[in-house]
Every structure is written in structure tokens, then in C-alpha cells.
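The values are calculated or read from the model by the stated rules, or taken from the named source; none is laboratory data. Computed from a predicted structure; not experimentally measured. All Cβ positions, glycine included, derive from the backbone under ideal geometry; neighbour counts span all protein chains shown.
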Amino acid sequence: MNRRILTAILTGVAILIFSITATQSCTRVDAGHEGILVKMYGTEKGVQDVSLVTGRVWYNPFTEEVYEFPTYIQTQDYDAFTVNAKDGSVFTVDPTISFYVKAGASPQIFKKYRKDIGEIAKTTLLNYVKDAFRIRLNQYSTEEIISKRQQFEAEVQTTLDQALQQDGFKLEQMTSGLTYPEEIVRAVNLKNRAVQQAMQVENELKVAEAQARKKIVEAQAEAEANRLRQQTLTPLLIQQQFIEKWNGSTPLYGNSPVFFKNVQ
């Protein structure tokens, strides 16, 4: 085999290897993510095929793309919005949700929305959040919202979770940030103030009644003590007390001096 033929063969092999390498790229799907392999060309317009991939992935950069969807828990804090109760009162909601993509659901989500998680959370998931609050709040009156707030929020969370799971998401946690209408807050404050004042008056009345009962008891005790003292003042006891206190001078009663006067 002459040198010219050998050179041609080696050149051809090199070109083949280069062509194969040039049409292949490699990427790695990070931990906490799911990879989505998308074939961009086919018989259907747009995304023709979507499949789930993990670990190290080889793909053709000219006809395929690989997207990563995070599967770890993410938190989305939404701007406040208003919702009407059953009786027309306007409540303000400032919700925050934590959610994640269910295992294996990334291709389904991408094929439906063709957006990344951040954009889906700010648009589609926000609509789900608003719908859940609107549906549930419309079933409660203002008074019921105040007295059954924990039950109301649990129902909102259940409704939202069911909607998210249909799209391949799972709700981890939700806080409503619910605030009451200003007129309701004022009414509650006035009611609490009235209750506090009533309790203060009641306490003062109890103190006054206790002091009055104490005075009555003291007066009764004093009267009983006086009665007992009167019963113990017998003639002999009076004479004994007189002798104990006598200073030696002779008392005079009437015209004749006597030492003791009869005590009746």
C-alpha cells in the first residue's frame, strides 16, 4: 500500500471521527434535578418528543436540547391581592407557598407549558393560588372567617394541593398572610376595649362588695364582743374592778358616807 492511499484512509477516518464527535455533546444532570431531552425536529410542529433523562447525557446539539427541572422544594412569595367573602367583605391575602415537582413529572410539565419552573411559578401557579382562595373565601361569611380561620386555611391548602398535583406539582406548605378589612379590625378593637372595660368595672364592683362585706363582718364581731362584755359585768366583778382601781379615798353618795353602794 503506497503512502498516498494510506494518507487518504487516515484522513477519511479522521474526518469520520470528527463528524461523529462534532454532532455529539455531553451534559450532566445535577443532583436535585430531572433532565428533559427534547427533540426539536420531527413530523409534529414544535417539540416533537420529550423524555426523562438522568446522570450523564449524550445528545445531538443540532437536533436535541436538554433542560433541567429542579425537584427540590422551592418557595414562592406572591404579591398581596384581595378576595371577597360570601357577604361581600374584602379580605387581603399575601400568600407564600413551598412546592416541588413530583418525581418523573418534569416531561409532562415541560410538554404542557414549555417554560422553566420560575416562570411557571409566577404565572400558572399564581392563578391556582388565587383560584383556591377565591373558591374557599366565597363560601364563608366575614364572621365565619374570623371564628374559623384555621379551618378555612386548611381547606384552601387542600384545594390548592389538588390543583397542583394535576399538573405534576406537590404543595409542601402554605401561609395565607390573611388580613381583615379595616372596618372589621376597628369593630373588633372596640369590642375588645368594651370587654376589657366591663371586666374592669366588674372587678371594681367585686372589690367594693368584698370591702362592704368585711365592714359588716367587723361590725357584727364588734357588736358580739360588746354583748359578751356586758354579760360578764356582774356586780361582784364591778366591785372587784373598783377595789383594784381604788386610791384609798372614801367615796360619798348622798348625805352619809358609805364604803360601797349597792349595785343592782
Just to be sure, is GLY55 in contact with an Asp or Glu (Cβ under 8 Å, 6 or more places away or on another chain) and either at positive phi or surrounded by fewer than 15 Cβ atoms within 10 Å (Cβ to Cβ) (or both)? no
Any idea which of THR232, THR179 is more than 30 Å from ARG114 (Cα to Cα), of a type in the set (Val, Ile, Thr) and modelled with pLDDT of 70 or more? THR179
Tell me whether the stretch 63-76 contains one or more residues that are at pLDDT 75 or above, under 42 Å from the mean Cα position of the chain (by Cα), aliphatic (A, V, I, L, M) and more than 30 Å from ARG149 (Cβ to Cβ). yes
ALA163: over 26 Å from HIS33 (Cβ atoms) and among the hydrophobic types (A, V, I, L, M, F, W, C), yes or no? no
